[in-house]
1. In angstroms, what radius of gyration and Dmax does the chain have, counting Cα atoms only?
2. Average the reciprocal distances over every distinct pair of alpha-carbons in region 57-157, invert the result, and give the Kirkwood radius in Å.
3. Take the Cα radius of gyration of region 240-340 and divide it by 2.2 N^0.38 Å, with N its residue count; two decimals is plenty.
4. Taking only Cα atoms and a 10 Å spring cutoff, compute GNM fluctuations for the chain and point out the largest among 277, 133, 237.
5. Tilt of helix 262-286 relative to the longest C-alpha principal axis of the chain, in degrees (0 to 90, nearest 10)?
6. So how tilted is helix 241-256 from the main axis of the chain? Cα-based, degrees 0 to 90, rounded to 10.
7. Taking only the Cα atoms of region 31-81, how large is their convex hull per residue, in Å³?
8. Quote the relative contact order of the chain in percent (integer), defining contacts as alpha-carbon pairs under 8 Å separated by 6+ residues.
């Protein structure tokens, strides 16, 4: 069984010199995108001896060693897992092999702007307060639409992020993995990524880190997150595994929040995620993915019981393939309809 919250890697002797940053490049059957990602890393102006590059190939059948060596001019270490581990187990195993003071995780389908590492390094050095995490902005590239969508700023200005960021992380995940740098000391303090949350392992880690160490916001550092048909994110959403992970992550976040903050943050967060799950259920029904739609609907109701009172819920149950669920939720749906019918005195 995979560990839910893996223990940190052994602390390396401080006498041993470390590079500034270890770049963990996760890869799975996407050689064309891996070449592009490595090219963007190689174009960074940071000195080569300050940047360790490790490619973690999670496909035991592939062998990109020669190509990775060519694409990186021999700088990148290529590792191939003996079996398919999954994203976060592969990341954890690679972090354990890395040496950098900071760790940057980037998938083979993502990339970074020139100056990404130098911007972060300068901001970390200039920060009046030590930080355990650093984060830049990101741009979502939708491959289907060939369109770019910049992220919303995390704050009005660069610097240490405050309690508003913690509250925002408790409710939702406003970040993307390639925009974040993790200090090794943070991993030694809070542990590695959970391996039982394939869709939300990053979100859970970000929130856990935000409860323990300061985050530094560096908007000049830009990463690119690609949305496309071959992504793991798309695959997990297609099975609704994402919905289960979101429910479990919200439960974990709620338990970690100070009790006085829970009523101000979590009800709205649960309503938001349940609404998105019901919209995903409707999209799954349009694609005739009935088991996926049912899973989304059940998770929406588990995460936020009041979801049965929403128009999105009733719209899903009206679909011809939802006869079984209509029967199960008949009482809730009937009660909701009755409450919205005109009263005999003409009032609503």
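1. Spelled out, the Cα radius of gyration and Dmax of the chain are 22.3, 82 Å.
2. With all distinct Cα pairs of region 57-157 included, I get 16.7 Å.
3. Details: Rg = 14.1 Å, N = 101, 2.2 N^0.38 = 12.7 Å.
Dividing the Cα radius of gyration by 2.2 N^0.38 Å gives 1.11.
4. In the Gaussian network model the winner is 237.
5. Compared with the principal axis, the helix lies near 80 degrees.
6. Once rounded, the angle reads 80 degrees.
7. Details: hull volume 3.3 nm³, N = 51.
Cα-based convex hull of region 31-81, divided per residue, equals 65 Å³.
8. Details: 577 pairs, mean separation 59.2, N = 348.
About 17 percent, as a whole number.
Readers should treat all values here as calculations from the given coordinates under stated rules, not as data from a laboratory. This is a predicted model, so every value here is computed, not measured. Neighbour counts run over all protein chains shown; Cβ positions are idealised from the backbone, glycine included.
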